[in-house]
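S.K.: Below is a structure I'd like to ask you about.
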Amino acid sequence: MNRSIFTLFTGLSAALLLSTLSFGQAISGDLTGVVKDASNAYVANADVEVTNLGTQFKQATKTNSQGEYRFANLPAGHYSVDVSAPGMKGGYRDVEVVLNKVATANINAAVT
């Protein structure tokens, strides 16, 4: 009888662990991009904000010295990406973040 309980407990634990792991992997994706100005130069330290168009969830970051930005583990959905920087008009893009994928939204911002 003890062996049956141990086998049942082990099986249930494994099923719970696998369902938790697969659930955690299946709800998000990443978003990356590069921000450049009209002369095709990288825009460092630009403010980048993403907004989930379905839930209005927002998250912000800044570009690095190469104009790159990254948002990890965003809930899947349609997003707007807004970029602003001093002396720039800014930029805007819509992008879809898909489960377990990396979406790319490169943005060209105009100089004011």
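S.K.: The conditions are (1) out of contact with any strand residue (DSSP E or B) (no Cβ under 6 Å at 6 or more places or on another chain); (2) within 14 Å of THR32 (Cβ to Cβ), and ALA103 fails exactly one of them. Which is it?
M.R.: The single condition ALA103 does not satisfy is (1).
S.K.: Here's a follow-up. Would you confirm whether or not the stretch 85-99 contains a residue that is among the charged types (D, E, K, R) and touching a His at 6+ places or on another chain (Cβ under 6 Å)?
M.R.: Taking the stretch 85-99 as the starting set, the residues that turn out to be among the charged types (D, E, K, R) are 89, 93-94, 96.
From the residues that got through so far, the ones that are touching a His at 6+ places or on another chain (Cβ under 6 Å) too are 96.
Scanning the stretch 85-99, I find at least one residue that is among the charged types (D, E, K, R) and touching a His at 6+ places or on another chain (Cβ under 6 Å), so the answer is yes.
S.K.: Could you list all residues from the stretch 90-112 that are of a type in the set (A, V, I, L, M, F, W, C), outside any strand (DSSP E or B) and out of contact with any Ser or Thr (no Cβ under 9 Å at 6 or more places or on another chain)?
M.R.: Our first condition is that a residue be of a type in the set (A, V, I, L, M, F, W, C); within the stretch 90-112, this holds for 95, 97-99, 102-103, 105, 107, 109-111.
Now drop any that are not outside any strand (DSSP E or B), which leaves 98-99, 105.
Answer for the stretch 90-112, where residues must be of a type in the set (A, V, I, L, M, F, W, C), outside any strand (DSSP E or B) and out of contact with any Ser or Thr (no Cβ under 9 Å at 6 or more places or on another chain): just VAL98.
S.K.: Could you tell me how many of the residues in the stretch 25-60 are basic (Lys, Arg) and either within 17 Å of ALA72 (Cα to Cα) or under 15 Å from the mean Cα position of the chain (by Cα) (or both)? Can you show your working first?
M.R.: First, the residues of the stretch 25-60 that are basic (Lys, Arg): 36, 58.
Going one step further and asking which of them are either within 17 Å of ALA72 (Cα to Cα) or under 15 Å from the mean Cα position of the chain (by Cα) (or both), we end up with 58.
So the count comes out to 1.
S.K.: Sticking with this structure for a sec: In the stretch 63-85, how many are out of contact with any Asp or Glu (no Cβ under 6 Å at 6 or more places or on another chain) and over 16 Å from THR112 (Cα atoms)? Before you say what the answer is, go through the steps one by one.
M.R.: Looking only at the stretch 63-85, we keep the residues that are out of contact with any Asp or Glu (no Cβ under 6 Å at 6 or more places or on another chain), and these are 63-71, 73-77, 79, 81, 83, 85.
Restricting the remaining residues to those that are over 16 Å from THR112 (Cα atoms) gives 63-71, 73-77, 79, 81.
Total meeting the criteria: 16.
Here, each number is a calculation from the coordinates, and none is a lab measurement. Values in this document were obtained by computation on a predicted structure and should not be read as measured data. Glycine also receives a Cβ, built like all others from the backbone with ideal geometry; neighbour counts cover every protein chain displayed.
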